[in-house]
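Asks: Just dropping this structure here.
The values are calculated or read from the model by the stated rules, or taken from the named source; none is laboratory data. Everything numeric here is computed off the predicted structure, so don't read it as measured data. Cβ sites come from the backbone with ideal geometry, for glycine too, and all protein chains shown count toward neighbours. With ligands, DNA and RNA removed, areas are computed over all heavy atoms of the protein, side chains included. Shrake-Rupley method; radii C 1.70, N 1.55, O 1.52, S 1.80 Å.
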Amino acid sequence: MTAKARLETAETHRGVEVRSGTHPPMRFAPHWHDRWALGAIRAGLCNFTCSGGRWTAVPGDLVLIPAYAVHSASVGRAGLDMRMLYLPTALVEEVLRLQPEHGPRTPRPVLLDPALAGRLTDDDMAPGTPAFDDVVAAALRAFHADGGSAPLERPERREPRIAKLCAALQRAGARPDVEALAQELGLTRPHLARLFRRTVGLAPGEYARLMRLEQAKHLLASGHAPSDVAAEAEFADQAHLTRWFKRVYGVTPAQVRAAS
């Protein structure tokens, strides 16, 4: 495998984003996606943390990470070649015929199924075809059957004070005044930080940065130039945006824009 991260495709169908690529040995900073991440590995090995556990995914495994679930990962020495699908929550609910407040529970985000994994990583399995829709549905149902069902919601919605803080952090941009926000909620800053991390899985500053990175990712996918995106998302400059993109997503803003 190449020693440099490579993003091969970024196709969209029914709101599903499909990305294939390779990564050299590296660590991904804790992050989330605003969609469900369903994927499989062609070659290599990936260790990751999610749902309170540590997991390893190898060829033949399916991986499913819920939307907004905080996770981090490291790529083994041989590098990693994988294909990932990012699925809107509404599509997951539709495929499984669930009520909006329920979704597949994933106590084990790794599921051994070489046949399905092989179909999922096949580049000829193109978005928009019945075969593609069938393999996505089959993979989701396999996880659902394995784990049952449980409430599906963003973690901050479980705690009203944290939901209020998250909304304030999104408005605050690059420099949130966490001290003032804590006072507004009647909490000390240390108490707020502990409650936030226990509920969301991140520190308030990390959450604010991830929201800006998600904003930047969507702007890049729409064709905006990285330099303009850096300014719009309140990063110091394009180099600052690039450093964080590589730490969190493993690729550069220019690669995301070019693949889109």
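Asks: Mind listing just one residue for me: the one in the range 197-256 that is among the basic types (Lys, Arg) and touching a residue at least 60 places away in the same chain (Cβ under 8 Å) and, of those, nearest to residue 161 (Cα to Cα)?
Replies: 247
Asks: In the range 218-232, what count of residues is obtained for those that are within 21 Å of residue 176 (Cα to Cα) and touching an Asp or Glu at 6+ places or on another chain (Cβ under 9 Å)?
Replies: So the count comes out to 2.
Asks: Also, I was wondering about something else. Of the residues 45, 7, which is open to solvent by 20 Å² or more (accessible area, probe 1.4 Å), in contact with a helix residue (DSSP H, G or I) (Cβ under 6 Å, 6 or more places away or on another chain) and part of a strand (DSSP E or B)?
Replies: 7
Asks: Touching a helix residue (DSSP H, G or I) at 6+ places or on another chain (Cβ under 6 Å) and either among the aromatic types (Phe, Trp, Tyr) or open to solvent by 30 Å² or more (accessible area, probe 1.4 Å) (or both): does that describe residue 36?
Replies: So residue 36 fits the description; yes.
Asks: Cβ-Cβ under 9 Å, sequence separation 6+ or interchain: first residue in the range 91-103 and under 24 Å from residue 127 (Cβ atoms), partner modelled with pLDDT of 80 or more and in a loop (DSSP other than H, G, I, E, B). Which pairs?
Replies: Short answer, once both residue conditions are applied: 91/15; 91/35; 92/35; 92/66; 92/67; 103/66; 103/67.
Asks: Which fully enclosed helices (runs of 4 or more DSSP H) of the range 216-260 have 3 or more residues being open to solvent by 40 Å² or more (accessible area, probe 1.4 Å) and farther than 23 Å from residue 20 by Cβ?
Replies: Per the criteria, 226-232, 238-248.
Let's see how each residue does on (1) at pLDDT 85 or above; (2) touching a helix residue (DSSP H, G or I) at 6+ places or on another chain (Cβ under 9 Å); (3) not aliphatic (A, V, I, L, M):
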| residue | (1), (2), (3) |
| --- | --- |
| 164 | no, yes, yes |
| 178 | no, yes, no |
| 192 | yes, yes, no |
| 209 | yes, yes, yes |
| 214 | yes, no, yes |
| 219 | yes, yes, no |
| 232 | yes, yes, yes |
